[in-house]
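Below is one structure, written out as C-alpha cells; comments come after it.
The values are calculated or read from the model by the stated rules, or taken from the named source; none is laboratory data. Since the structure is predicted, the reported quantities are computational estimates derived from the model, not experimental observations. Backbone-built Cβ (ideal geometry, glycine too); neighbour counts: all protein chains shown. The protein model used for the area step is the full one, side chains on, heavy atoms only, and it has no ligands, DNA or RNA in it. Shrake-Rupley method; radii C 1.70, N 1.55, O 1.52, S 1.80 Å.
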Amino acid sequence: MKYFIETIKDKNDILFIYGIICLLGAIICFILSKYNSIQILGISGWIKPFKFFLSTAIFTFTIAFYLQFLDNQNQVTIYNWSLILFLSIELILITYQASQGKTSHFNIATSLDKAIFNIMGIAISILMLHTLYMGILFFNQTQFNAPETLILAIKLSIIVMVIFAFEGLVMGGLLKHTVGSQDGSSGLPILNWSKNYGDLRVAHFFGMHALQIIPLVTYFLAKSKRDVIIISSVYLLFVTYTLIQAFQSKPFIKF
C-alpha cells in the first residue's frame, strides 16, 4: 500500500491531490449522515454523496497508478483534467441535491432536477468515453515497463468497467434502479441494494470496480496471459449474471 501511494504521489500528483480531496469529502458526508436529519428514500441523504466521493477517490487513485505505464504523458495530462472536471460536476450536483433532500439520479420532478440529472449523465458519459480512449492507448502501445500480465489485466478491466458504466443508461431509461418495485425498498447497509427485488446497481458496482478487482486478482493468481484472460472472463460472467438476476427481479442476496 505504501508503494502504491508513493507511486501515485510521485507519478501523478494532480490526481493524488484530487483523490485526497475526494476522501475528505467522503469523511465529511459520512459525518453528516450521522448528525444531519436529511432523509431520502428512508435513509440519510448524505449516504449517497459519501459513496460517490469514496468511489471517486478509489477510481482516481487506481487510474492514476495505471496511467504511469503509458508513454504518451501528454494525453495523460489531458485525461487528468477531464477526470477532475467531469467527476467534480457529478459530485457537486449529487451533493447539492442531497443538501436539498432530493434524489439526484432519476429525478425529473422539476425542470432544474431534470437538468441536473441530464448534466450528470452527459458528464459521466464523456468521461467514460475518454477512459475508453485511454484504454485504446494501452492496446496501441507495444512496450511497457511492467509485467505483461498486469498490463493485460489493466486493458481488460478498462473494457469491463466502461461496458458496465454505460449500464447506467439503462437505469436512466427506466428512471429507477429497482426491478420489480419502486426505488426505496429495504436495502443492505451502506450499499442499500434491495433485499427483496432486483437491483441494477449491483452489476453497475461490480462492473465499475473491475478496474481494481481484475488487476488485483491477477497480481496474486495469474502466472500467464492465459490466466489473466480466464480471470477476466470469469469476472465478466459473474457481473453479467448479477445483471440478468436483477432483470429477473431477484435480489443479489436473498433475505
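Quick notes
- Cα shape, region 1-139, gyration tensor, a/c 1.5 rule: oblate
- A viscosity of 1.002 mPa s and a temperature of 20 °C, combined with the Kirkwood radius over Cα pairs in Stokes-Einstein, give a translational diffusion coefficient for region 26-92 of 158 µm²/s.
- Degrees, to the nearest 10: 148-165 long Cα axis against longest axis of the chain: 20 degrees
- Max mean-square fluctuation residue, GNM over the chain, Cα-Cα springs under 10 Å, options A210, A109, A98: A109
- Of the residues E148, E167, E6, ranked by 1.4 Å probe accessible area with the largest first, the sequence reads E148, E6, E167.
- Computed with a 1.4 Å probe on the full set of protein chains, the accessible area for I94 sits at about 0 Å².
- Neighbour net charge for T149 - beta-carbon separation under 13 angstrom, K R +1, D E -1: +2
- Cα shape, region 104-218, gyration tensor, a/c 1.5 rule: oblate
- More than 23 angstrom apart: percent of Cα pairs within region 72-157: 41 percent
- Dipole in debye (nearest 20) - region 136-255, about Cα centre, beta carbon charges: Lys, Arg +1; Asp, Glu -1: 180 debye
- Across K34, K195, K225, mean-square fluctuation computed from a Gaussian network of the chain (C-alpha pairs under 10 Å connected) peaks at K34.
- Taking Cα atoms only, the orientation of helix 111-140 departs from the longest principal axis of the chain by about 20 degrees.
- When D183, D71, D113 are compared by accessible area at a 1.4 angstrom probe, the order from most to least is D71, D183, D113.
- Computed over region 73-175, relative contact order equals 29 percent, with contacts defined as Cα pairs under 8 Å that lie 6+ residues apart.
- To the nearest ten degrees, helix 13-35 and the longest principal axis of the Cα atoms of the chain are 20 degrees apart.
- Dividing the radius of gyration of the alpha carbons in region 63-118 by their Kirkwood radius gives 1.21 for Rg/Rh.
- Most mobile listed residue (T131, T77, T110) in the chain, GNM with C-alpha springs under 10 Å: T110
- In Å², nearest 10: area of S55 left accessible to a 1.4 Å probe: 40 Å²
- Computed P(r) (all Cα pairs; the chain; 10 Å bins; percent): 7, 28, 36, 22, 6, 0
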